[in-house]
Amino acid sequence: MLAHRRLTMFEQTIITDDIENGLDRKMLHNLRQRFLLLNEKRLERTRAALVDRQQQFLTLLPLLFHINHPILPGYVSHKTPCGIYQYTPSGDAWRQAKVLSRSVQPVKDLRAPLPALDALFVMGSMGTIAHSDASDLDIWICHQPGLTGEELAELRKKCDLLSEWAGQQLHLEVHFFLMTENSFKSGETASLSKENSGSAQHFLLLDEFYRTAIWLAGKVPLWWFVPAVRETTYEAFTERLLSLRFINPQDVIDFGSLAKIPDNEFVGAGIWHLYKAIDAPYKSVLKLLLLESYVSAREQPPLAISFKQAVYDALPDADALDPYVMIYRHLENYLQNNPVRLQLLRRCFYAKVNKPLTRSANNESWQRQLLQQLVLEWQWEKHHLFVLDGRDQWKAADVLSERSLLVNELANSYRLISGVSKSTMMQAAISHEELAVLGRKLHAAFERKAGKIEWINPGISRDLEEPVLTLLRSEGSEPQHWLLFTGPQQDIQQRLIYKEPIKRARHLMELILWAYCNQILTANTRLDIIDEATWLTPVQRQQLLGTLSSWLPLPLSTPAHDAFRQQAQPERLLLLLNVGIEPQPELFKKGIHLLSERQDALDYSGLHDNLVVSADIIYTNSWHEVICRHFDKDALVNLLSWCLRLRTTTGKLPEISIHCFSSGLGQLIARRMAMLWQDIVTAFYTTEGNSNARYIIETAEGYLLLQAGTQPEVHALKNEEQLLQKLAEPQVTHSPLLIDRNALTEHPLRLITRIAKTADIYLFYRIDADTMTARIFLVDERGSILSYQVPFHNTASLVKPLQQFILSTMQRMAASCTIFQQQKSKLFIFELSAAGKPGVSHPDATLLSSTSAADPLFINIQVTADADSNGNIFYTVYCNQQEFSSLQYGEGIYRAVAAYILQQRLHGERYPCYITDLDLSHCESLMAPQHGLQSSHYLQCKRVIEQALNEALGHL
């Protein structure tokens, strides 16, 4: 009878009035026993879910932190902080220790005079319905606040050694978190990592801790002894409780109240759980729905308060108070008016528990029994259960459908988080840096963008491999695209209207890559292609898949956390040329491979074919995104233009691997492109290169002019004339010209570029005695190359006026504080032989001075330029100090000047006249507003004026 009365008192509801009105020490003792009873039940369930050696580790764990023994796992030194408050190792703990080391002997009192550790707790899914073989142990090590930095370092090292030992020896993932009660209450949490939400959440983490924590040793939470109705006056109540000695302050650890979760914490926590959804979508949907319910009913207490109230009300029911069951019941009530989302909640809960009820089990665990009770409530049909239990064998179509439901729910959560952030107008309870890191992880995982491969299987199915896939090119639809089907070609052609493709893409390679990355297409898959214009033989298909497998082995590793502290950087590139295309289709149809002495793949054979017809480039970045780009029209131009823009923050291009599977010519094409790419990298991005240089490539279609700089450009030029016009354009800074190994092999430019490497002025001329003309090439101080042809009279009349003009121009520019104020350029003059070999007139100051003297045969012609408000340029010409102004002569100025020159010549000779000096200072804002005048501006104006004068002279 007495025993029955004691049981009744233990079972009765704990009174929650004031301490003075009934909450006595006996009730507090009963309350403690209720929490410990539930704790023991959860601990028992945790042990039952572990294999024998893992159970032994859990039993041994408090002892490992209570003593320092050199033979036991985790030993660092005898100075490592140890000793747990009021912990006495059990006989079972000693037996497990002796299994590891016989030298470990129990003694009467191993407790340190001042134990360094206050308590040990396990939190998370351990001991819950959701516990699985993959569950890890999150251990809170609560230590005294007075530990030195050296002592903390030793304790952290011990934790690391134990984690490593448990992983290697027990195949158990264990994470330790060091903290003090005061540091936790003040919000000092560890930095963001894979297993820690960092500053993203504090009260939400505390809510989870109070609901899920399993006490292992040491002090118990003070929170246990504060009635739910007193949570809002937590500080005052606990102060009263401790001051009246109802509870010994030394026996409890205080993590603080859970009266209200601040609004600003939901933003950081929501983003954190969205990030976790990348790998665990089912669990994250549950957590995000819980956050949503908290936000939607802020006046309601968090779930941990309901948990505590249930313990106060009656003897704890371990099933009803299972942390995940409590979440489900709470959300079931929240979603009772939304049946669609309620069904998704149940699917996520069922998937998270992961105890397939349609499959036989070795034993009917409490988890399966509890799940069966819930499923009976849900009235799920047997067929529905079979479908869900076969989830690990779902194929792409089912996985895509499931992922769509999950992603839609995650999108709803993201919109809710954004709304909370905007409505509260408060800064999220997460550091700016961590928020940026999480945002980038979400960006990498979920953001859709053109060409980016979407990963469709976040742990839903175990195997998406298909035995046969068919690729079909759409007909009669715009834009044309490719479709991917499961099954062989014959089946697709017979029942096309009855079967939906599992994926569509604009380009063939993007679809193949998507299937490969999601492991739908493997080495064992037969790939059929329905398209007459696509040539991809079985051998080529094997080569393509083999290249993908070696270049992009699956699964991809998880990117380093620090990688998200900066923008995504391209790391590796795979260039695939002519996938499904033969560059010489008519010859290919006839089975002919044209052999030629002209082996340049960009200008191949006497047919002058550019064999690069299409290009697919696949690249991975530092966030482990996989992106595919396709180029077909003007493939080489667009490919090079895109690649030159794909630079890292270091200014270098990422590593590239180049392949081509075209029959017969594939190796030739790949080898040529690899050489070209290496030459471009050397030209622009190595220490001996110059990022401001220009690079000429010759193709069957003409020429390509590449320029890197801050804004990379690729110019397609049809012929030599367009190329020379482009080379004459002004440059922002010194831009030397480089020529590809197969380009302009017999052109003077190849020799000129070898000589004109510095920021000086180079004058090259080549005389054609047959036509009595001379070809002028002038490379100015910024690398602009002016090329033109003039009549040849004699060397002196060709070179001296040019030399005199250039020297006077250099003096003018030096006086006007342009580039010459910073760097004095020199003038070099070269004569090119007919074969392209230079005969050099060596530059020398004395020689330049003597040769630049005025020649009595030539009249000194000076020109000044001015511009009006409409941008029109007007010239004033001075001949031997005689002025001829556009204001006076208008369009007839050149005829007037020519007539005067003709009068000054002794015998009226009509040989060419040359300008010796030109002033453009008043036109700089019009001609070169951003980067100032350079010598080529003066030479271009000189040519225009001289041409007009000499034409006028010829007509007199």
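Regarding the range 95-105, can at least one residue be identified that is within 20 Å of Trp215 (Cα to Cα), modelled with pLDDT under 90 and either assigned by TED's automatic domain parsing to the domain that holds Asp251 or of a type outside the set (A, V, I, L, M, F, W, C) (or both)? Yes; the residues of the range 95-105 include at least one that is within 20 Å of Trp215 (Cα to Cα), modelled with pLDDT under 90 and either assigned by TED's automatic domain parsing to the domain that holds Asp251 or of a type outside the set (A, V, I, L, M, F, W, C) (or both).
If you filter the range 479-536 down to residues that are without any contact (Cβ under 8 Å) to a residue 40 or more places away in the chain and hydroxyl-bearing (Ser, Thr, Tyr), you find that the one that is farthest from Pro458 (Cα to Cα) is Tyr498.
Taking the numbered list (1) buried (at least 20 other Cβ atoms within 10 Å of the Cβ); (2) at pLDDT 95 or above in turn, Lys157 passes all entries but (1). When residues in the range 697-723 are screened for being more than 30 Å from the chain's Cα centre (by Cα) and not in a helix (DSSP H, G or I), 13 of them pass. Could you check the range 550-569 and list, in sequence order, the residues that are modelled with pLDDT under 90 and surrounded by 14 or more Cβ atoms within 10 Å (Cβ to Cβ)? Correct list: Pro559, Ala563, Phe564, Ala568, Gln569. Would you say Thr88 is under 42 Å from the mean Cα position of the chain (by Cα), in a loop (DSSP other than H, G, I, E, B), assigned by TED's automatic domain parsing to the domain that holds Lys219 and closer than 23 Å to Lys219 by Cα? For Thr88, the condition - under 42 Å from the mean Cα position of the chain (by Cα), in a loop (DSSP other than H, G, I, E, B), assigned by TED's automatic domain parsing to the domain that holds Lys219 and closer than 23 Å to Lys219 by Cα - is not met. Evaluation of Thr733 against the conditions (1) more than 34 Å from the chain's Cα centre (by Cα); (2) modelled with pLDDT under 90 shows that the sole unmet condition is (1).
When the residues of the range 675-697 are filtered to those that are surrounded by fewer than 21 Cβ atoms within 10 Å (Cβ to Cβ) and among the charged types (D, E, K, R), the one that is nearest to Gln722 (Cα to Cα) is Asp679. The residues of the range 316-372 that are assigned to a helix (DSSP H, G or I), of a type in the set (A, V, I, L, M) and without any contact (Cβ under 8 Å) to a residue 12 or more places away in the chain, listed by number, are Val340, Leu342. Restricted to the range 127-154, and to residues there that are of a type outside the set (Gly, Ala, Ser), in a loop (DSSP other than H, G, I, E, B) and touching a Ser or Thr at 6+ places or on another chain (Cβ under 8 Å), the residue that is surrounded by the fewest Cβ atoms within 10 Å (Cβ to Cβ) is Pro145. Considering only residues in the range 373-383 that are assigned to a helix (DSSP H, G or I) and of a type outside the set (Lys, Arg), the one that is surrounded by the most Cβ atoms within 10 Å (Cβ to Cβ) turns out to be Leu374.
In the condition set (1) closer than 21 Å to Ala450 by Cα; (2) modelled with pLDDT of 85 or more; (3) in a loop (DSSP other than H, G, I, E, B), Arg647 is compliant with all but (2). Of the residues making up the range 918-943, those that are within 18 Å of Ser886 (Cβ to Cβ) and either touching a Phe, Trp or Tyr at 6+ places or on another chain (Cβ under 7 Å) or modelled with pLDDT of 85 or more (or both) number 4. Within the range 736-746, the set of residues being at pLDDT 90 or above and of a type outside the set (S, T, N, Q) comprises Pro736, Leu737, Leu738, Ile739, Asp740, Arg741, Ala743, Leu744.
Only a single criterion out of (1) under 30 Å from Trp535 (Cβ atoms); (2) surrounded by fewer than 16 Cβ atoms within 10 Å (Cβ to Cβ) is not satisfied by Gln725, namely (1).
Among the residues in the range 380-390, are any modelled with pLDDT of 90 or more and among the small types (Gly, Ala, Ser)? Within the range 380-390, one or more residues are modelled with pLDDT of 90 or more and among the small types (Gly, Ala, Ser). Residues in the range 378-408 that are under 13 Å from Pro356 (Cβ atoms), charged (D, E, K, R) and in contact with an Asp or Glu (Cβ under 8 Å, 6 or more places away or on another chain): Arg391, Asp392.
Candidates in the range 698-713 are the residues that are farther than 17 Å from Arg750 by Cβ and among the acidic types (Asp, Glu); of these, the one that is surrounded by the fewest Cβ atoms within 10 Å (Cβ to Cβ) is Glu713.
Conditions tested, residue by residue: (1) part of a loop (DSSP other than H, G, I, E, B); (2) farther than 27 Å from Ile278 by Cβ; (3) under 32 Å from the mean Cα position of the chain (by Cα); (4) modelled with pLDDT of 75 or more.
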residue	(1), (2), (3), (4)
His175	no, no, yes, yes
Asn182	no, yes, no, yes
Thr189	yes, no, yes, no
Leu204	no, no, yes, yes
Asp207	no, no, no, yes
Tyr210	no, yes, no, yes
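Between Thr238, Thr232, which is in a helix (DSSP H, G or I), crowded, with 20+ Cβ neighbours inside 10 Å, touching a Ser or Thr at 6+ places or on another chain (Cβ under 9 Å) and not aromatic (Phe, Trp, Tyr)? Of Thr238, Thr232, the one residue that is in a helix (DSSP H, G or I), crowded, with 20+ Cβ neighbours inside 10 Å, touching a Ser or Thr at 6+ places or on another chain (Cβ under 9 Å) and not aromatic (Phe, Trp, Tyr) is Thr238. Of all residues in the range 682-696, one or more are out of contact with any Gly (no Cβ under 8 Å at 6 or more places or on another chain), in a strand (DSSP E or B) and at pLDDT 90 or above.
The values are calculated or read from the model by the stated rules, or taken from the named source; none is laboratory data. Note that the structure is a prediction, hence the values are computed from the model and not measured. Don't worry about glycine lacking a Cβ; one is built from the backbone with ideal geometry, like all the others, and counts go over all protein chains shown.
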